[in-house]
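No lab work stands behind these numbers, since they all come straight from the coordinates. Keep in mind the model is a prediction, meaning the values are calculated, not measured. Every residue, glycine as well, gets a Cβ built from its backbone with ideal geometry; the counts of neighbours run over all protein chains shown.
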Amino acid sequence: MAEKRLGRQTVCMSGKVGVLSSAAVTGGKEGEGPFGKYFDYVSEDSYFGEASWEKAETHMLKQCFELACGKAGIAPSALGYIFGGDLLNQCIASSFAMRDCKVPFFGLYGACSTMAESLSLAAMSIDGGYCDMAAAQSCSHFCSAERQFRFPLEYGGQRTPTAQWTVTGAGSLILGGSAPAPYITHVTTGRIVDAGICDANNMGATMAPAAHDTLRAHFEDTGRSPADYDVIVTGDLGAVGSEALCALFSRDGVKFGENHLDCGLLVFDRERQDVHAGGSGCGCCASLLASLLLTGMRERKWKRMLFAATGALLSTTSSQQGESIPGISHAVVFDMEG
C-alpha cells in the first residue's frame, strides 16, 4: 500500500533524510554575481583546464562531487546511489564525470528541473530503505548549452529580451538517513504541462505554468499554503516566468509572492551583468541550493523551504519541427525541524 502518499503527487518521508554535505562550483561570471562568495570554488577559466566546453562541464561536476564527498568525510564508494543529470545530449557531462566512481548511477534528464528530480529520487531511495546515503547533483555550462541548443559563440547572435543566460555551475548534495538538518520531508513530483509556447528564447513563459501546477498540487496534497513556508524558491523562471507565476496564483485567489525567490533572478546582477531575463540551466538552482540556500537554512534564516526547480523539455530537433515546449517542475521540502 502507498502509505507514504499524500494526494495525487506528493509523498511524505517517514524518517529523517538529512543533508550530510553540499558543494557548489561555478564559472567566473557566476562568481561575480551577488552571491559568489557562497560558492565553494569559482573558476576564472571557463575551460576548467580542459580542451572543450563539454569536457569542462564534466570536470566541473566531478570537482563538485569530490568536494561534497570530502566535506562529508566519505569516499564515493560509501554511497548507495548517485542521481544526476545535465543539459547535454545523453547526459554526457554527468555520466563521464561519474564513470570512474564505480557507484550505481542513475542518469536523469529533467532539463533545468534535474536538481529537484535527483533530490526527490535520492530522498525516496533512502527513506525506502534501499540505501543509507546517496548523492543528488546536476550541472550546466553556458558555452556547451549555447552550442547544443542555439548557436556557437562565434556566431555572435543577438539575444531576445526574454532570453536567459545558462549558468556555468554545478551543485552536489550528499543525503543520508542519519544526516543532520535540514531534512527533506516531502516530495511533490510534477506533471508535464504544455502551454503551447514555441519560442525557445522564452523559457520563463514555458516553465511558469508547470511551476504553478506543481506548487498548487503540493498545497492541495499537504493542506498547506504559501504562508506555511519561510521561503518558496523556484528554479530559474527569471523575470518573465516569475511574474507569470505570481499572476497565475493571483488568478486562483491565492496570495503568493511575498516569500518567493527565484534562482534565475538571484544568481546574476541583471543590470550590471547583462543577462536579460536572468539565469537558467541545470546548474542555476543546483549551485545556489548547495551554497546560499542551505547556508541560509543552517543559519536559521529560514526554517522551512519549498524548493521547486523548473525545466523546459525541448530539443533542437523538436524546435526545428515546430513543436511546442512542454514544461516540468518538481518540488522538495527542506525543514530544519523534520
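Figures for the structure shown
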quantity: Radius of gyration and Dmax over the Cα atoms of segment 93-245, both given in Å; calculated: 17.5, 51
quantity: Distance-filtered residues of segment 304-338 - backbone nitrogen under 19 Å, label point 7 angstrom along ASP194 Cα→Cβ; calculated: 311-330
quantity: Convex hull volume of segment 1-84 per residue (C-alpha atoms, cubic angstrom); calculated: 172
quantity: Rg(Cα)/(2.2 N^0.38 Å) for segment 254-331, N = residue count; calculated: 1.33
quantity: At R0 = 25 Å, FRET efficiency that the Cβ-Cβ distance of GLU32 and ARG159 yields, to 0.05; calculated: 0.85
quantity: Full-stretch length increase - GLU323, SER46 - with 0.36 nm per residue and alpha-carbon distance subtracted; calculated: 96.5 nm
quantity: Label point distance in nm, GLN90-LYS303, each placed 7 Å from Cα along Cα→Cβ; calculated: 5.0
quantity: Full-extension gain in nm, ARG8 to THR316, via 0.36 nm per residue minus C-alpha separation; calculated: 107.6 nm
quantity: Karplus-derived HN-Hα couplings along segment 298-313 (A = 6.51, B = -1.76, C = 1.60, θ = phi - 60°), whole Hz, x at Gly and Pro; calculated: 5, 7, 6, 5, 10, 9, 9, 10, 9, 9, 10, 7, 10, x, 10, 8
quantity: Qualifying aspartates and glutamates (Cα of each under 19 Å from Cα of LYS102; at least 8 residues distant if same chain); calculated: GLU66, ASP132
quantity: Footprinting exposure proxy for MET60, MET305, MET297, MET336 (fewest neighbouring C-beta atoms within 10 Å first); calculated: MET336, MET297, MET305, MET60
quantity: Dimensions in Å of segment 183-335 - Rg and Dmax from alpha carbons; calculated: 15.0, 49
quantity: Total formal charge among the other residues, if their Cβ is under 15 angstrom from that of CYS12, Lys/Arg +1 and Asp/Glu -1; calculated: -1
quantity: Residues ALA227 and CYS131, FRET efficiency given R0 of 35 Å [Cβ-Cβ distance, rounded to 0.05]; calculated: 0.50
quantity: Part-to-part distance (alpha-carbon centres) for segment 53-119 and segment 295-334, which is given in Å; calculated: 18
quantity: Square roots of 5 times each gyration tensor eigenvalue, C-alpha, the chain, largest first, Å; calculated: 27, 25, 18
quantity: Net charge of Cβ neighbours under 10 Å - reference LEU88; Lys, Arg +1; Asp, Glu -1; calculated: -2
quantity: Residues of type lysines that LYS303 reaches as a straight line, Cα spacing below 27 Å, ignoring anything fewer than 8 places off in the same chain; calculated: LYS4, LYS16, LYS37, LYS71, LYS255
quantity: GNM result for the chain, Cα springs below 10 Å: residue of SER291, SER318, SER125 fluctuating most strongly; calculated: SER318
